[in-house]
Amino acid sequence: MAPAGPALITVGSRPQSAMTINGRSVRENPVSGYEVPAGEVTIVFSVTDTSGVFCAVTRRFQVRPGPNNLGRVTLTRQ
């Protein structure tokens, strides 16, 4: 059973990337206080250059109700 109440996440990446949280695009990176349901959160980071996507990382986090600082995810070329 998922915990009750919303979770507020703060997360970003190095380098900057496009980011989706639970399948929804977010306009900012990093995001601060982004509301999601408590439980498992899936974040996809995608960095592109002139040759196309050079890095795509999917991370899953368990978050509790209230504030959750997930930090900065370091991305490397694939």
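Being surrounded by fewer than 17 Cβ atoms within 10 Å (Cβ to Cβ), more than 12 Å from the chain's Cα centre (by Cα) and among the hydroxyl-bearing types (Ser, Thr, Tyr) narrows it down to one residue among Thr42, Thr58, Thr20, Thr50; which is it?
None of the other options fit; the residue is Thr50.
Is it the case, given these coordinates, that Ser32 is within 13 Å of the chain's Cα centre (by Cα), hydroxyl-bearing (Ser, Thr, Tyr), at pLDDT 95 or above and loosely packed, with under 11 Cβ neighbours inside 10 Å?
No: the conditions fail for Ser32.
Of the residues that sit in the stretch 1-17 and are surrounded by fewer than 18 Cβ atoms within 10 Å (Cβ to Cβ), under 14 Å from Phe61 (Cα atoms) and small (Gly, Ala, Ser), which one is modelled with the lowest pLDDT?
Only one residue fits best here, namely Ala2.
Can you tell me which residue is surrounded by the fewest Cβ atoms within 10 Å (Cβ to Cβ) among those in the stretch 61-78 that are of a type outside the set (A, V, I, L, M) and over 19 Å from Ala4 (Cβ atoms)?
Of everything passing the filter in the stretch 61-78, Arg77 is surrounded by the fewest Cβ atoms within 10 Å (Cβ to Cβ).
The values are calculated or read from the model by the stated rules, or taken from the named source; none is laboratory data. Computed from a prediction, not measured in an experiment: that's the story for all the values here. Glycine also receives a Cβ, built like all others from the backbone with ideal geometry; neighbour counts cover every protein chain displayed.
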